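Colleague: Take a look at the following structure, please.
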Amino acid sequence: AEKDFAPDQINAVVNFEVIADNYDDALKKGVKAVSEYIDFIIANTDFKKEEFKTSSYNVYERYHYNEIKPTAEEDLDKNLRKRISDGYTFSQTGVLTFDYDKKRLAELLVFTSKNPNAPRFHVNFGLKDINAKKRELIGAAYEDARAKAEALASAAGKHLRDCIHVDIDGPHRPGSYGMEEERCFGAAKMMRAGAARAEIDSPRAGVGSLVL
């Protein structure tokens, strides 16, 4: 049995990335960027602060190596390099999960794009209770299998007895169980080597699929 389900849940994923010369500045600016974004969203929409959940957080050093030409004879065969720091990066990913609501999603996208330090943003459309949908499909698959078995039994002049065993096995389709991912970098201004840029990708309608 195979059936498509309209999504009933939205996961809005936001990624903050701030670059600074040292660890303390990266941490301070990063925390400020996250706090200002959340305050801006809750001030202009009906989302609550406690709905924002952190899924990952990190502050790390960025660096590269410069080759050094040997000046002494004993260093001629050595691979001499000097580590050069490129500063520190603050990175935090947050998730905002809510019932499927196009109006609330539109508001979130609009006010995210209006934020002067908007984070990178993408959206997952999915199903809240994937197991309930699986059970629904199992029932449909059973009824379909029984109808076909009864047709075969009737054609052979036999009587179909009660079902004594159910074997569930279908083609493996990675990603087919309930989540249709869409990306939307709506006016997301990301810092890359000191330059801000925006990436925009319009989302399309999606449904979750289950196959048995």
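The values are calculated or read from the model by the stated rules, or taken from the named source; none is laboratory data. What you are looking at is a predicted structure, and each value in this text was computed from that prediction instead of being measured. Here the Cβ positions follow ideal geometry from the backbone for every residue, glycine too, while neighbour counts run over all protein chains shown. Note: areas computed on protein heavy atoms with side chains; ligands, DNA, RNA excluded. Shrake-Rupley method; radii C 1.70, N 1.55, O 1.52, S 1.80 Å.
Colleague: Quick one: count up the residues across region 64-95 that are hydrophobic (A, V, I, L, M, F, W, C) and open to solvent by 100 Å² or more (accessible area, probe 1.4 Å).
Modeller: Here the count works out to 1.
Colleague: Something else now. Looking at (1) charged (D, E, K, R); (2) surrounded by fewer than 16 Cβ atoms within 10 Å (Cβ to Cβ); (3) at pLDDT 90 or above, which is the only condition Arg104 fails?
Modeller: (2)
Colleague: Same structure, new question: For Asp24, only one of the following conditions fails: (1) of a type outside the set (Phe, Trp, Tyr); (2) more than 30 Å from Ile130 (Cβ to Cβ); (3) within 22 Å of the chain's Cα centre (by Cα). What is its number?
Modeller: Only one criterion in (1) of a type outside the set (Phe, Trp, Tyr); (2) more than 30 Å from Ile130 (Cβ to Cβ); (3) within 22 Å of the chain's Cα centre (by Cα) is unmet by Asp24, namely (3).
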